[in-house]
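Novice: Structure incoming, see below.
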Amino acid sequence: MKHVLSVIDLGRDDLEMILDRSAVMKKRYQQGIHDPLYQGKTLGMYFEKPSLRTRVSLECAVNSLGGGSVNLESNGPGILWQRECVKDQARVMSRFVSMVSMRTFSQAVIEEFAREASVPVVNVLSDFAHPTQAMADFMTMRERFGDLRGKTLAYVGDGNNVARSLLSAAAYLGVRFIWSGPDGYRLTDDYVARVKAKVPDVQFVEESDPVKAVREADAVYTDVWASMGQEGEAAKREQEFARYQINEDLMAKAPRHAIVLHCLPAHRGSEITDGVMDGPQAAVYDQSENRMHIYRGLFTLWANEWSPDNE
Ligand code: CP
Ligand code: NVA
């Protein structure tokens, strides 16, 4: 049984296995081939924060494999764990469901749940990481560019959960990662050191000038400037990030073949303009679609060789 709690802990081989399997499962989906691996089985979902893509793609993925889902949600940190502690919920849920997805504020909650669960757990966003997002993003890049080794991903924005997962995935897949944003929003030195410990030859560059950052990019990525839970800082961040907007002028400085990525939801007019979102370089809806194919790939691995019987 293998949990997916962060890209950095997952490692290169498992990351590549999920990407490869997801590509196969995408083809099968498009061909209308049904793989009823979860018939009579259920995915348990926890959501402490709002979601469109993750919630819907998880449900569609498990439905497409013949299974069902049950959702436990709250709107705020910790509320779901007040009535009953994480440990007991993990043990009880494991008696009912075949796998669990968790969107929480705290990464520690997901890790504790996973330690206590006897079914596999996937992190579908915490304040620390968004691993399945990064997988869908690199799946999208592979579809556009094939082998990704030597490609450049320029991430312009907050050094947040999404950025951390992207950096780890880039390191494992041999992609150069350029980060550009205001000084106070860098990826922490601790985190970069963890990535370097796993991948000593990681190509990680910090570039305060967004124009220089995108000059050699194959993909230009941005995310919201204030993540869920940081809404109180939104006005301050709008000012601090203003020169890091992905707009037509900035994209004119990037190579013409560069694609634009955003995990969504986007704040059009803030971190990205309408012109770029609706323009020919945007690959953002492919990213969204690929969220479902990543879950189909992961669930299939869980149902087959990653299951306890095969370890
Ligand atoms: N990108 C993403 O995780 O979207 P949701 O918050 O809508 O799930
Ligand atoms: N960084 C964003 C990603 C949303 C999918 C957030 O955490 O709100």
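The values are calculated or read from the model by the stated rules, or taken from the named source; none is laboratory data. Only a predicted model underlies this, so the values are computations on that prediction, with no experimental measurement involved. Cβ placement follows ideal geometry from the backbone for every residue including glycine, while neighbour counts extend to all protein chains displayed. The area values use the complete protein model at the heavy-atom level, side chains included, leaving out ligands, DNA and RNA. Shrake-Rupley method; radii C 1.70, N 1.55, O 1.52, S 1.80 Å.
Novice: Cut-off 10 angstrom, C-alpha nodes, Gaussian network model of the chain. Which of M139, M102, M228 fluctuates the most?
Specialist: Looking only at M139, M102, M228, the biggest GNM fluctuation is shown by M228.
Novice: Could you work out the Kirkwood radius for the chain, taking every pair of different alpha carbons, averaging 1/r and inverting it, reported in Å?
Specialist: Result for the chain, one decimal place: 19.7 Å.
Novice: Sticking with this one: Please list 31-39, 250-258, 215-223 highest first by mean number of surrounding beta-carbon atoms within 10 Å per residue. Mind showing how you got there, number by number?
Specialist: Details: 31-39: 12.2, 250-258: 16.1, 215-223: 23.9.
Per-residue mean Cβ counts within 10 Å order the peptides as 215-223, 250-258, 31-39.
Novice: Based on the mean of other beta carbon atoms within 10 Å per residue, what is the order of 48-61, 192-205, most packed first?
Specialist: Going from most to least packed, we get 48-61, 192-205.
Novice: I've got another one for you. Roughly how many percent of the accessible protein surface of the chain is carbon and sulfur, given a 1.4 Å probe and a whole-percent answer? Provide the component values of the computation, followed by the final result.
Specialist: Working: 6320 of 13260 Å².
Result for the chain: 48 percent of the exposed heavy-atom area is carbon or sulfur.
Novice: Sticking with this structure for a sec: Set the bar at 23 Å for Cα to Cα. Now go through K151/K236; K2/K87; K151/K196 and name every pair that lies beyond it.
Specialist: Numbers: K151/K236 33 Å; K2/K87 18 Å; K151/K196 18 Å.
Among K151/K236; K2/K87; K151/K196, the Cα-Cα distance tops 23 Å for K151/K236.
Novice: Provide the per residue accessible area, probe 1.4 Å, for region 209-271, rounded to a whole number of square angstrom. Let's see the in-between values first.
Specialist: Details: 3020 Å² over 63 residues.
On a per-residue basis, 48 Å².
Novice: Same structure again: Which peptide among 281-289, 127-135 comes first, and what is the full order, when sorted by highest mean count of other Cβ atoms within 10 Å? Don't jump to the answer; show the numbers that get you there.
Specialist: Working: 281-289: 18.6, 127-135: 25.7.
Sorting 281-289, 127-135 by mean packing, highest first, produces 127-135, 281-289.
Novice: Any idea which of A114, T273, C60 is furthest toward the positive side of the dipole for the chain, if Lys and Arg beta-carbons carry +1 and Asp and Glu beta-carbons -1?
Specialist: C60
Novice: Out of residues 5 or more away from G67 or on other chains, whose amide H comes under 5 Å of its own, with H placed 1.01 Å from N in the peptide plane?
Specialist: Y38
Novice: Then there is this: Roughly how many Å is it from the Cα centre of region 226-275 to that of region 1-70, as a whole number?
Specialist: 28 Å
Novice: Give me the angle, in degrees from 0 to 90, between the Cα long axis of helix 161-173 and the longest principal axis of the Cα atoms of the chain, rounded to the nearest 10.
Specialist: 90 degrees
Novice: Leaving ligands, DNA and RNA out of it, rank I18, I79 by accessible area with a 1.4 Å probe, largest first.
Specialist: Values: I18 0, I79 80 Å².
In descending accessible area the options line up as I79, I18.
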